[in-house]
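Taken together, the values in this text are just the output of simple stated rules run on the coordinates, not laboratory data. Source: prediction; values computed, not measured. Every residue, glycine as well, gets a Cβ built from its backbone with ideal geometry; the counts of neighbours run over all protein chains shown.
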Amino acid sequence: MDRRFFIKNGSIAFLAISAPSVFFKSIDMGLNNEKLYDVIIVGGSYAGLSSAMTLGRSLRNVLIIDSGNPCNKQTPHSQNFLTRDGMPPGEIAKIAKEEVSKYPTIEFYSGFAVNGNKISEGFLIKTSDGKSFKSKKLIFATGILDTMHDIKGFAECWGISVIHCPYCHGYEFRNKKTAILADGDRLIHFTSLIKNLTDDVTLITSGKTAGDINGIATLKKNDIKIIEKKISEIEHHNGYVNKIIFSDGTAESFEAMYAPVPFRQHCSIPQELGCEMTDTGLIKIDDSQKTTVDNIYAVGDNCNPLRAVSLAVSSGTLAGVKVNSELSAEMFL
């Protein structure tokens, strides 16, 4: 029988595997864990699990702290990821966690990290339930929080038919009547990606005058319809857009809407520890996912504007390789 352990809800849980059954036994571990981990990974979705697998395969002692609240929890399917194209994100994460759990030096803790401090051994991370854990290095895989537009029905449709990325969702809405709720310097580029997928594209300016939009002539030249009205409601069925209702009471039928939204960091600990941020609010990293603070790395959506499962996994692997390389070099002196 193969016996492994992880940490959950403040207890050490022994995982006994004897095919095909799996069972758990929990033992109370008290308030704090005095163990010094090689790495604490804050965030246990795709990027964090990818880092953990790389480190687990290098025999590193790793603790994953995860609150179980991924930003794509409402999205029904994940696309553009080899071997998992079209699978629900939760199922991908479940498979990933099962695979990572096979490595005996990897432990899990179900909780929300709220505070971090530098200590002589490295770092101390505290959770909202009063637990604390120590490690030599940190990897933040904490994602971001999207700020929903104040439009009735918007949040219910987010990630389902109100979408942000033509690479993640565009193929499924190809040739559909599509709205775009966006502005800014990247509007022309963004619209060109969507126009490639469907000829029926309408830009909604949300009350702004179309003449104030840079590149308005380019939009009109490419037959992009423009509606200069504010949206008051998205009429939908289980998250799938039926109509967009405007503030003047008029309505128009659509099947999808692209709407890039503002965001903020899901976790403030990197900034509290001194990590620099980019002008767009992402954690600043180098080519190996390292932040501006020694021994701290960031992976996934918190540091990459291109939000995709495949890229999150890639960044996690890269950070895992770099962290293991550093730990090996430190031991080899």
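Please state the charge dipole magnitude for segment 149-258, taken about the Cα centre, from unit charges on C-beta atoms (+1 on K and R, -1 on D and E), reported in debye and rounded to the nearest 20.
In total the dipole reaches around 240 debye.
Take every DSSP beta bridge with both residues inside segment 149-258 and express the antiparallel ones as a percent of the total, to the nearest 5. Let's see the in-between values first.
Numbers: 9 of 23 bridges.
Within segment 149-258, antiparallel bridges account for around 40 percent of the total.
Relative to the first principal axis of the alpha-carbon coordinates of the chain, what is the inclination of helix 46-56, with its axis defined by its Cα atoms, in degrees from 0 to 90 and to the nearest 10?
Helix 46-56 sits at roughly 20 degrees to that axis.
Under a Cβ-only charge scheme (Lys and Arg +1, Asp and Glu -1), can you give me the dipole magnitude of segment 250-333 about the Cα centre, in debye to the nearest 20? Mind dumping the intermediate values first?
Values: 5 positive and 11 negative charges, 19 e Å.
Approximately 100 debye in magnitude.
Amide H of Lys137 versus every other amide H placed in the peptide plane: which residues, excluding those fewer than 5 positions away on the same chain, fall under 5 Å?
Correct list: Val39, Ile40.
Give the separation of the Cα centroids, segment 109-126 to segment 254-274, in Å.
Each part reduced to its Cα centre gives a spacing of 23 Å.
Return a whole-number percent for the relative contact order of the chain, with Cα pairs under 8 Å and 6 or more residues apart as the contact set.
It comes to 20 percent, rounded to a whole number.
If I model segment 149-258 as equal point scatterers sitting on the Cα atoms and use the Debye formula, what is log10 I(q)/I(0) at q = 0.14, 0.18 Å⁻¹?
Computed log10 I(q)/I(0) values: -0.50, -0.85.
For segment 312-324, just list the computed ³J(HN,Hα) in residue order, Karplus coefficients 6.51, -1.76 and 1.60, θ = phi - 60°, integers in Hz, with x standing in for Gly and Pro.
Values per residue, Gly and Pro as x: 5, 4, 4, 5, x, 4, 4, 5, x, 4, 5, 5, 4 Hz.
³J(HN,Hα) across segment 170-180 via Karplus (A = 6.51, B = -1.76, C = 1.60, θ = phi - 60°), whole Hz, x for Gly/Pro?
3J(HN,Hα) across segment 170-180, in whole Hz: x, 4, 5, 10, 4, 6, 9, 6, 10, 9, 10.
Before rounding to the nearest 500, sum -39500 (n - 2.57) across all DSSP H runs of length at least 4 in the chain and divide by the residue total; then give [θ] at 222 nm in deg cm²/dmol. Please list the in-between numbers first.
Details: 8 runs with 73 residues, N = 333.
Mean residue ellipticity at 222 nm (helix-derived): -6000 deg cm²/dmol.
What residues have an amide H closer than 5 Å to that of Ser232, excluding those fewer than 5 places away on the same chain, when H is modeled at 1.01 Å from N in the peptide plane?
Excluding prolines and chain starts, which carry no amide H, the hits are Ile245, Phe246, Ser247.
Specify which residue in the list Thr191, Ile234, Thr218 is farthest towards the positive end of the charge dipole of segment 184-238, using unit charges on the beta carbon of Lys, Arg (+1) and Asp, Glu (-1), about the Cα centre.
Working it through, the farthest residue towards the positive pole turns out to be Thr218.
Per residue, what volume in Å³ does the convex hull of the Cα atoms of the chain enclose?
Taking only Cα atoms, the chain has a hull volume of 153 Å³ per residue.
So how tilted is helix 89-100 from the main axis of the chain? Cα-based, degrees 0 to 90, rounded to 10.
20
Can you pull out the cysteines in the chain that have no other Cys Cβ under 4.7 Å?
Taking the Cβ cut-off of 4.7 Å, the unpaired cysteines of the chain are Cys71, Cys157, Cys267, Cys275, Cys303.
Find out how many positive minus negative residues lie around Phe246, taking Lys and Arg as positive, Asp and Glu as negative, among other residues whose Cβ is under 13 Å from that of Phe246.
-1
Which entries in the list Lys35/Lys126; Lys94/Lys137; Lys73/Lys126 go over 22 Å, if you measure between the two C-alpha atoms of each?
Flagged as over cut-off: Lys94/Lys137; Lys73/Lys126.
Given the alpha-carbon gyration tensor of segment 210-333, what are the semi-axes of its equivalent ellipsoid in whole angstrom, ordered largest first, with each equal to the square root of 5 times an eigenvalue?
44, 17, 15
Which peptide among 176-187, 271-282, 49-60 comes first, and what is the full order, when sorted by highest mean count of other Cβ atoms within 10 Å?
Put in order of decreasing packing, that is 49-60, 176-187, 271-282.
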